[in-house]
Every structure is written in C-alpha cells, then in structure tokens.
Amino acid sequence: MFSEDIQAQVDNLLCRYPIKQNALIPILLLVQKENEGWLTEEWMQHVADICEVPLTHIEGVVTFYTMFRLKRPGRYHLQICTCVPCCLVGGTELLEHTEKKLEIQAGHTTDDGVFSIEEMECIGACSYAPAVIVNEDYHEQVTPEEMDKMIKELRQ
Amino acid sequence: MAEETLVLFKNIRNPKYDKSLAGYKRSGGFKSLKKVFGMKPEEVVQEVKESGLRGRGGAGFPTGLKWSFMAKGTGKPSYLIANADESEPGTCKDRELMLKDPHLFLEGLMISSYAIGCHHAYVYVRGEFFPAIKTLNAAVGELYADGLLGTNPLGSGFKLDITIHTGAGAYICGEESALLDSLEGKRGQPRVKPPFPAVSGFNGCPTSVNNVETLACIPFILSDGGAEAFKSFGPQNNSGTHLVSLSGHVNCPGVYELRMDVSMKDIIYDIGGGIRDGKKLKGVIPGGSSSPVMKADEVDVLYNFDDLAKIGTMLGSAAMMVFDEGTDIVKLLHRITRFYAHESCGQCTPCREGTHWSSQIIQDFLRGNGSDEKLKRLYRVGGNMLGTTLCALGDAAAMPIQSFVNKFPEEFRKYYATL
Amino acid sequence: MPFFQIDGEPVEYEPGEKVLSAVLRSGKIIPHYCYHPGMSVVATCRMCLVDVIDMGNGRPAPKLQTACSLDAMEGMKVETLNQKVEEGQKLVNEFLLVNHPLDCPVCDQSGECILQDYSFKYGSGKSEMDYSKRVNGWRDIGTFVAMERNRCIQCSRCDRFTREITGTNEFGMFNRGHELTLDTYADRPMTNKFQGNMADICPVGAITEKEFRFKRRVWKLKKNYSICTGCSSGCNVTIEHDRNEVFRLKPHENQNVNKWWLCDEGRLTYRMMNERKTRIPRPLGRVEGNLEGVSWEEAYGAIVKRVKELKPFPHEVLALTDTRASNEELFLLQKLLKEGFSSDNIFCPLPKWGQSESDFFINTLITTDKTPNRAGALALKIKGDEKNAKLKKVIEGELKVVFILGNPFEAESEIKEIIKRTQLVVHLGVFHNSWGEIADVVLPGQYYSEKEGTYTNKHQRVQSTEIAIQALRRTRPEWQILAELLQSLGQTSCFDSVPQVFAAMVQEAKAFSGVSFDEIGSLGIELKNKTKDTGMKVLVKQA
Ligand SMILES: Cc1cc2nc3c(=O)[nH]c(=O)nc-3n(C[C@H](O)[C@H](O)[C@H](O)COP(=O)(O)O)c2cc1C
Ligand code: SF4
Ligand code: SF4
Ligand code: SF4
Ligand code: FES
Ligand code: FES
C-alpha cells in the first residue's frame, strides 16, 4: 500500500520505539501527509495492522488530536491563531478578514479546493503574534494586508 | 535599567552564530558533556540539585530532586523525555531554543540522560512545530554522524539514542502523564497518580519528563563553577536565568533571558518598551493563561516563582501577557475559557463540564444576558473545578475565572447593568 | 491484616489495595461511578471524594482525594460523611447533571441508577444549566444492548469492558472535552457475546438490555439466587421476577465462578422460565393407546401394578437421564433403581466437551457442554461414554421397565426405537418431548427456577438454586416424584426436602463425602474427591 520511500520511513519510525504502538502517531501523520492531508478508513486500517492495534483505537486517537483530519483540506491550509496573545493583537480580526476574503468559515474549504481555514489555539509563537501556519510554514506578525498578498501569491 | 543576562541565549544573541554542530562546538559546546562523562551519574544529579534549578515547564519543581526519585534496580530501562509540547497560551520560549540553538538543548538532554541512566531519550515536540522538528532532526542527524550519539560517544562507553517524536495537536499532552500516553501511541489523557512517572512512566518504565528550557540549563550548570554561578543569578530558591515570553500590548514583544530578580514593571517598561500607542496598562496575565490575573497596580513585584506566589499568582511558564486599558476583560476571559473548553481531554467530570459551562456563561454576558446571579454562578462553577479534577488543567481553567471575577467585577456588570 | 480508619471505624486492607476497594469489600459504601473492581482504575468521575484527615503520618491531605485511586495506608484516617465531602459530591453530581436529560420516568435504569440516587440525595433535582444540552440520541449498538447516549456520564466503564474484559475493542472514547463520546465507532454494531454485562456496569441508563426495554420498573422486581443452567460453568445469577413472571437474569458476583459476568446466551435462558405452551401440565397415562390426564395416585398406582406384573430381573430395568437434572434427582433415580430393582443400569450422555483457553477470563466461561450437571453425574458414577457403547450393549438384551428423566439422548433415534418396544416406559419431564410420545406414564416435573436443587459445575463446585417462581399446580419437583416412587414401590426411605436428600447423598456417594448442604451457601463449595477425567478437551486459544 505504501510507496517504497514511505515504507522506508515507516520502518525507520517503527525501529525507534520499544513497541510498535508507540510509533502510531508519527506514522499516522506521515500517512496523512502523503494522502493530501487527510485520513481515510482504509489508511487507518492499514496503520492499525502495522502498529498492531485495533481500528477503534486508531479512531479514538484521530478524533482526539486536532491535527488529524477526516476530510480533505484545501491545498493550502491556513491555520490562524486566535488564542489569547494573538487575540490581543488582532488574531481574531485576521481570522474574520480571511473568512470574508475567501468566503468560507473556519473549518471549511473553498469550492476550488485551494484554501481551507482552521482556527487555532496557541501555536507557540505568541511573542510574534498574530501567527499563522500555512501548511507547514510559520508566518508571524501577520497583518490583513499581508494575508491578502499571501493568498494572492498562493493562488497563482 | 533592566537588561538580559545571557546564559541560554549566549549564542542566539550573537548575530554571527552558526547553529550547526560545528558552530556550536566552536562556541564551546560539548565541553560539559565531556566533563560529565568523567563523573559518576550521582555526582551530576548532585550538581543539578546544588544549582537550585527548578523546572521551567510550569510547576517549578526542583529538577535534581525529581531525578533522584527515579526508581532504580527495577531491571527496566529508564527514560528521559524532553517536553517540547509548548502550548500554554503566551509561551514561546522552547521553540526559540530548538530553532535557534538546537545543540545546546540536545547537549543538556544528553548530560541529563547520562545522569539518570537513560539510553534512549525522546523529544516530544508538538506536531505544529514543523520548522523546529526539521531543525531538531537535522541536528540529531549531525550528532549521529559525528559519533556523539549512538554507542560510545567520546569514548565514554555510554550508549545513547535520541528520537524526535511528534505530537498531533493537543495542549493537554504537555501534562507529563498525558504526554506519556501520547508517546505510547494513545489518546493523550492524563493518568491517575500514583504511580508517578519516576516509577512507572513510558511503557511502564521509570521516566523523567523535563521541559526543554530546563534541559538547556544543564550544560551551563555542569560547566566549571556552573552550579554556583547559576545559583547566584537570582534570589534564594529562584536560581538561574529564565526565558520570559513577553506578548500582548507592549512595544517590544519577544523572548528575553532574565535573572529572577527583575521586577515585572521593568520587564514591561524597560525590556518591553512600555505599552503600545502610549496607552495605559490595565493588567497582566503573568505566567501563561492559567495564572491568576494581576491588575496594573500589582506589577511592582519581582518576576520569579516565590514572589509571585506570595501575591497569589504564579510564574508558571514565565509567559507574560500584557494588556492595555482598551482591553475588554469579559472578551479576554471568554477567549481563555474557550481555550480550556477546547483542550480539556474530557475524561473527568468537573473539567469536562465546567470548562464548557463557564465558557457558555461568559458568552451570555457578551450577548447581553448577564446578571448578578450568573456572575455568582460563573464564580462558583470555576471554584468547583478547583482541586477536584484528575490533572491540573481543571485548576488551570478555574484560576483565571476566579481571578478575573475578583479583580474586574465591574467589567462584567458593565455588560448587564441598566444604563 | 493492616487497617485504616473510615469515619472512626477500622477497615482491613490488603497491602497495595486502594481505599475504595477495601471499603466496598467491608460492606460500606462510598458513592462512585467509574470504579469497578474488575477493571482498571481511572479516577475520572471524581465522585468518590473523601477527606483524608490523617495520611498515616499525622498530617491531613491538602485537598479531597478520590478513594478509588488512594493507596490505603496503616493508620490512615478517612472521613466520608463530613461537610467538605458532601459538598464535593454535590458539585460533581451537579456537573454530571449539566448535560443529563433527567428523563427518569422513561428510563429503564430508573430505580437502580446511582445518578438518580445521588441526585435525590444531593441535588435540587434540576440543573442550573439553561443551555441546550448535548444531544446524541438512541441507537442500537449490538445484538443485545442499545444505547441512549444522552444519558451517558462518560465513566468509561464500557470502554474498559471491551478493552480489558472481552478484548474485543468494539467500544472506544472518541473526540474530547465536552464532545467526548463513548460509543462504537460510526454505528458499527458490537459482536461480543457478553454485551449484557455492559448494561449491568453502566451506572446510568445509557446502555440497557434491549430484551428488558420498557418491560417493568425495576423496583417491582423480586430477586432470588440461582445459577444459570445454560452451560456447565454454572454462572451465579439472580432471577428477577414479578407476579410469577421472570424478567431477566442478572449476574451474582462469585469470584470462583463467573466473577461479575454472565454471557448473553445465558441471560436469554430466562425465556424458558416463562414458557407455558410446551410444558407438561399434569400426570398422563396411556389409556387405550392414547395419553390422557390422570391423577398422581392413578399414575403411581399404574406403575406399581405394571412392575408387579412384569417382575423384571435387574438387567431388565434401565434408567436414562440427561445431565440437566440436579444432584439430588440423579441420586434418587440411582437409588430407585438400586433399591427398587437391585439394578445399576443408569446411563447418561457423556460426549466430550470443549473448554476455551483465553487471555481474557470471560471467554473461558462459555463451554460447549450446554448442561449444568455433567460433573454431578460423573461424581455419582452414572454410566455413560462418548459413543454410548455401553448403553447400546445393555439395550441389546430384553428390557421390561425403563425410566427416562428429562430429555437424554434426544437425537439418538436408534436408542429410542429399541426402548419404544419396552413394556413399561416412565417419563419424568418438564416439557413435552419425543420421550413422552413413547411413554406409558408421564410425570410432570418442574423447571429449575421453580424448585430447589444443587448442581455441580465444570470445576466440580456444588451450587444451589432457590425457588424463584411458583410452578404449575399439578406438577411436582422431580426429586419429590422419585422419592414418592421409591415409597410406592415399598421402600422405607423417606425424603421430605432437598437438604435431606443431599444429606443421604453425602452419606452414600463417596464423591460428595465431607460436604454439607449448609456449606454451599450462596457461593458454592468444591467437591473434595474430584473426578479425574471429566471428558474436557481444551479448545484453541482465542485471540
Ligand atoms: C495542562 C498542563 C499543560 C502543560 N503543558 C506543558 C508544556 O507545554 N510544556 C512543558 O514543558 N510542561 C508542561 N506542563 C508541565 C508538565 O506536566 C511537567 O510538569 C513538566 O514538563 C516538567 O518539566 P520541568 O520539571 O522541567 O518543568 C503542563 C502541565 C499541565 C498540567
Ligand atoms: S482535568 Fe481536564 S484535562 Fe485533566 S484529566 Fe480531567 S478532563 Fe482531562
Ligand atoms: S455508556 Fe454507561 S458505562 Fe459507558 S461511559 Fe457512558 S455511562 Fe459509563
Ligand atoms: S457461561 Fe454458561 S453458565 Fe455462564 S451465563 Fe453463559 S451459559 Fe450460563
Ligand atoms: S496565542 Fe497565538 S501563537 Fe500563542
Ligand atoms: S470512582 Fe473514584 S473517581 Fe470515579
């Protein structure tokens, strides 16, 4: 089911832990990344077999952590922090601005599948608030104007 | 004039610093490790005890003492886990260390592993920290390539592996027992204590969980004369320098390394450059979102564990969130309670129900449905979470509620008082 | 044993034991939801709060502690009734009611719901939470149970049950915080054979037995101790009934037998207790080829008359029994043959039977031997073998009188064909079956829920049953019928009660020696002289 490269990464993860189940979360993250940012039942079952845990266990895990997604996110997943320090310096306004701009609510994906927005709790960049993660990259002290510019660039 | 004292940020503050292994070595890195390999592990623990180092993860527990609780002679391996889950709102210091000087932290992790007899250390990094994860993985790669990790680093005969482990989005996984469950590949729900991790932690083995900054202090403490010097940086029982994450309405937010005898006032006005747009200070949340709030007239206090405890609040993770006179207290508290409602693992009753309920009551105020009775109820719901939950998240959620209502009751009344 | 104090009274504990466990064993109560003695301690409901005024070192604990996770310590002093504790319990209960529908009037748990009890005790009975409550809804979650998720208080007993007790992992915890749900994922139904236990351990009415849904309010039910006769494990049960109708079987804790559990198949055996259509209602005798109703005296009279006419030699008399009969019935049947006919031609079916091996104790409960008293038959040395070879030899010769107890060899038409030709066939049974069709006299017995008796389970533990419901008027317990037959045939021994029969059995049957009826109590007692080979074969270990 895995490509050779992914299989190698999975094997490497498995051998870093005393028992297979320990590697579950990193493996799920890896699989999710390979599968365009979301998990399907098929993939979960496959990981369940690899890590020797019941499928229910995986389902419990993926519904616990916010980074696991059971529906497909946009190509660019905008994770906007509105937690306390970000909220103090404009995080909430930035989120609202972005929602308006993309005409979707947080938790949704644009019709063309390019963007999705997620409202985040503190992402650990509070001294550089408001902070945004786009896919895997941090952007700090983001103003609405910078957000507009970023969206424009990513669209192309 | 307050200024930084550079121990942990010695390299980071050097604009020409090269954070690679070679660069770290050039700036004197791994000298402590070499020295430590000539000591007995107990001696290392003793040095750390003498330095007076207290954990930087939030609880401020003496690190040396924590290590001495590790169960010995169990026939099971011992583990050291670095807590890099940094998710307490306001806190962004560990990320700084991992991104900008990964080898300092890793050297600390290696010395500490030697001290407690751990042969495989894990770094539990929150999953959203993609850049830090990349940096750490690269740094660990360098260490293996150099022979500093694996079997027999520096000819010591000691064997050590380090694995960078990623979380997947859950604040509660910063709590050490939840972190262990998460590391084991489960839902990150705090465990019943006892048994404590020092007896039964990762996969049931003796384990110590330490904050990244705590571990980053270790190379300095173990350098020649380090323990003494470390102790001299602050008042009694508040040893060393610490990283302060300053955020909110100050002119110069940022992460600063300070001694523990600097006052909050100086931090806000000197280090932080004062309040933005010439406004007045209204209050400060001093130690991460869970610490009881302080009013503007309370900030003339030394920023350390004991002085803050004396006035009924706490240092926590040293994350100062400063807010100005224009801040809506009710909205601010609502944002805090929403955080806890979102992050409660939900297994225990008072926290699962209380975090959600309190957030709904505050929302009532925002919608114009507040009342004296609801204010009392809010206070009571907060109080009922305090001291009755399985882990400290319940307390963390309760303390802001009670302190906000105590200190800013008029702000709540504004929302419903007839004009 | 060391002890600590609870509300001023000493409680003994085993080293390493938790306070709640020791207190519950001592018969006292501390309110609790998530703790269950058979499963791991999670300490999440926070209901079992106690005030430790002395931790054993002279110092009090700084705050209330959860008794379920608190290590018992010598010299510890714990208070469970003071104001601080009451306030703690009150607030936990209030939090639980925040999202609870409080639909007790339509809830099957009503009357045995701890939440309801404590809410009456501590609560105002209504919640101050005036927001829309969590809505989840009613769903079928398995073959045996349904779930009303609104009522769930997230104690996680169900989750731990399928993880730790059955190992089937059908249940799980999903989502987190206020959205935390305990459920099967995405409507997948459960398949484990022990779902009824989940209804038992669910402290509220979230998981309930479908079989029992809306049938009776629980406070109307009367209870009697008994055992399940669904297989040779002999799980301990209480039969719960009202107005002579049985509504359900519930497990009765016995650490040596079923611990806290019961299988779903066993639970369903209660249906037989209410069965009336196929019951033999009164004695029957063959009059001109047809079975017709007769009185007990006529039936006994006819048997005695025929026996006197036939004057059978010992080898011309035979008794067949199944292994559902109680120890006393088997013993008296044996005695009837021995004393009435000097014969020891008494046989029962003894096929090999399977016992599962498993890491999960509960899987070892269900055996392939679906009768409750095979071990009793073996202890009494009733004859039989896997292929019925010995029996077949006996029936090759001429037979004049045959007694059939219950429904033995039901599928062996060959045996039936031969016995059909016998001059006198007497059948003792509860339900109409094919033996009745060939019998000359049919004597109606009683189902085990209607009579006393003892049964020997697969571990050769003797356990007893109580009378739970009243039998049909014109039936008699088989032990009594056999005793009366003995007397009618001129024997002097006279038995008026089950304990009396048991006492005689202890005297005469070596396997039972050293056991007394009083010792059986509600937990049973193992035989001292055990049968070595019980015909068990170990079934492959289940994953
Ligand atoms: C709800 C909660 C969240 C926590 N989050 C963190 C965290 O993000 N990082 C951290 O280092 N410690 C966190 N802690 C503290 C840890 O439980 C633990 O005390 C700490 O990792 C110990 O390290 P130290 O002794 O070096 O401080 C948290 C505690 C609680 C109760
Ligand atoms: S206090 Fe909250 S986070 Fe901690 S165990 Fe209880 S429900 Fe989970
Ligand atoms: S369904 Fe019942 S047993 Fe399961 S968590 Fe809810 S209340 Fe507890
Ligand atoms: S295991 Fe056997 S005795 Fe126990 S409940 Fe099931 S059928 Fe009855
Ligand atoms: S609050 Fe936004 S990064 Fe911390
Ligand atoms: S029974 Fe102790 S916390 Fe639930």
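The values are calculated or read from the model by the stated rules, or taken from the named source; none is laboratory data. What you see is a predicted model, and the numbers here were worked out from it, not measured in a lab. Here the Cβ positions follow ideal geometry from the backbone for every residue, glycine too, while neighbour counts run over all protein chains shown. Ligands, DNA and RNA are excluded from the accessible area calculation, which covers all protein heavy atoms including side chains. Shrake-Rupley method; radii C 1.70, N 1.55, O 1.52, S 1.80 Å.
Some notes on this structure:
- Of the residues contained in region A:50-68, one or more are found to be within 16 Å of ligand 2 (Cβ to nearest atom), crowded, with 17+ Cβ neighbours inside 10 Å and more than 8 Å from chain B (Cβ to nearest Cβ).
- Region A:40-49, subset more than 13 Å from chain B (Cβ to nearest Cβ) and touching a helix residue (DSSP H, G or I) at 6+ places or on another chain (Cβ under 6 Å), residue least open to solvent (accessible area, probe 1.4 Å): A:44
- Residue check, residue B:383 at the interface with chain C (Cβ under 9 Å from one of its Cβ atoms), surrounded by fewer than 24 Cβ atoms within 10 Å (Cβ to Cβ) and under 25 Å from residue B:317 (Cβ atoms): yes
- Some residue of region B:129-139 being within 26 Å of residue B:66 (Cα to Cα) and either within 11 Å of chain A (Cβ to nearest Cβ) or within 17 Å of the chain's Cα centre (by Cα) (or both): no
- Among residues of region C:63-74 being assigned to a loop (DSSP other than H, G, I, E, B) and open to solvent by 40 Å² or more (accessible area, probe 1.4 Å), the one that is nearest to residue B:390 (Cα to Cα) is C:63.
- A single member of B:198, B:168, B:216, B:227 is more than 16 Å from ligand 5 (Cβ to nearest atom), at pLDDT 95 or above, in the same structural domain as residue B:52 (by TED's automatic domain parsing) and within 19 Å of residue A:26 (Cβ to Cβ), and it is B:168.
- Complete set of residues in region C:269-290 that are surrounded by 16 or more Cβ atoms within 10 Å (Cβ to Cβ) and not charged (D, E, K, R): C:269, C:270, C:272, C:273, C:280, C:283, C:284, C:285
- Contact annotation: no residue pair with Cβ atoms under 9 Å, 6 or more positions apart or on different chains, pairs a residue in region C:447-469 that is free of Cβ contacts under 8 Å to residues at least 12 places away in the same chain with a partner that is open to solvent by less than 10 Å² (accessible area, probe 1.4 Å).
- The number of residues in region C:75-102 being in contact with a Ser or Thr (Cβ under 8 Å, 6 or more places away or on another chain) and either open to solvent by 50 Å² or more (accessible area, probe 1.4 Å) or in a helix (DSSP H, G or I) (or both) comes to 10.
- Highlighted here are the helices (runs of 4 or more DSSP H) found entirely within region B:12-86 that include at least 2 residues which are charged (D, E, K, R): B:21-26, B:31-36, B:41-51.
- Of the residues contained in region C:249-258, one or more are found to be farther than 20 Å from residue C:209 by Cα, open to solvent by less than 20 Å² (accessible area, probe 1.4 Å) and not β-branched (Val, Ile, Thr).
- Of the numbered criteria (1) open to solvent by 10 Å² or more (accessible area, probe 1.4 Å); (2) out of contact with any helix residue (DSSP H, G or I) (no Cβ under 8 Å at 6 or more places or on another chain); (3) part of a helix (DSSP H, G or I), the one residue B:113 fails is (1).
- Qualifying residue in region B:131-147 (condition: touching a Phe, Trp or Tyr at 6+ places or on another chain (Cβ under 8 Å) and assigned to a helix (DSSP H, G or I)): yes
- The requirement of being of a type in the set (Gly, Ala, Ser), away from chain B (no Cβ under 14 Å) and touching a residue at least 12 places away in the same chain (Cβ under 8 Å) is not satisfied by residue C:88.
- Test: residue in region A:76-88 that is under 26 Å from residue B:168 (Cα atoms), within 14 Å of chain B (Cβ to nearest Cβ), touching an Asp or Glu at 6+ places or on another chain (Cβ under 6 Å) and open to solvent by 10 Å² or more (accessible area, probe 1.4 Å): yes
- Residue that is on the phi > 0 side of the Ramachandran plot, open to solvent by 10 Å² or more (accessible area, probe 1.4 Å) and of a type in the set (A, V, I, L, M), where the choices are B:99, B:154: B:154
- Boolean, residue C:237 is surrounded by 19 or more Cβ atoms within 10 Å (Cβ to Cβ) and either not assigned by TED's automatic domain parsing to the domain that holds residue C:33 or not small (Gly, Ala, Ser) (or both): yes
- Residue list for region A:121-146, restricted to those being more than 8 Å from chain B (Cβ to nearest Cβ) and of a type outside the set (D, E, K, R): A:130, A:131, A:132, A:134, A:135, A:139, A:141, A:142, A:143, A:144
- Among the residues of region A:7-25, those that are within 11 Å of chain B (Cβ to nearest Cβ) and open to solvent by less than 10 Å² (accessible area, probe 1.4 Å) comprise A:22, A:23, A:24, A:25.
- Selection of region A:26-39 for residues being out of contact with any helix residue (DSSP H, G or I) (no Cβ under 7 Å at 6 or more places or on another chain) and in contact (Cβ under 8 Å) with a residue 24 or more places away in the chain yields A:29, A:32, A:36, A:37.
- Any chance residue C:158 is open to solvent by 10 Å² or more (accessible area, probe 1.4 Å) and part of a helix (DSSP H, G or I): yes
- Per the conditions (1) without any contact (Cβ under 8 Å) to a residue 60 or more places away in the chain; (2) under 24 Å from the mean Cα position of the chain (by Cα); (3) within 14 Å of chain B (Cβ to nearest Cβ), the sole criterion not satisfied by residue C:220 is (3).
- Applying the set (1) acidic (Asp, Glu); (2) buried (at least 24 other Cβ atoms within 10 Å of the Cβ); (3) touching a residue at least 24 places away in the same chain (Cβ under 8 Å) to residue B:395 leaves exactly one unmet item: (2).
- Among helices (runs of 4 or more DSSP H) entirely within region C:423-527, having at least 1 residues that are under 14 Å from residue C:330 (Cβ atoms) and aliphatic (A, V, I, L, M) singles out C:478-488, C:498-508.
- Restricted to helices (runs of 4 or more DSSP H) entirely inside region B:160-222, those with at least 2 residues that are within 23 Å of residue A:60 (Cβ to Cβ) are B:176-183.
- Flag set for residue C:322, criterion: acidic (Asp, Glu) and open to solvent by less than 20 Å² (accessible area, probe 1.4 Å).
- Screening the candidates C:228, C:263 for the property of being at pLDDT 95 or above and within 20 Å of residue C:38 (Cα to Cα) yields one hit, C:263.
- Of the residues making up region C:39-62, those that are under 26 Å from residue C:255 (Cβ atoms), without any contact (Cβ under 8 Å) to a residue 60 or more places away in the chain and in a loop (DSSP other than H, G, I, E, B) are C:41, C:43, C:48.
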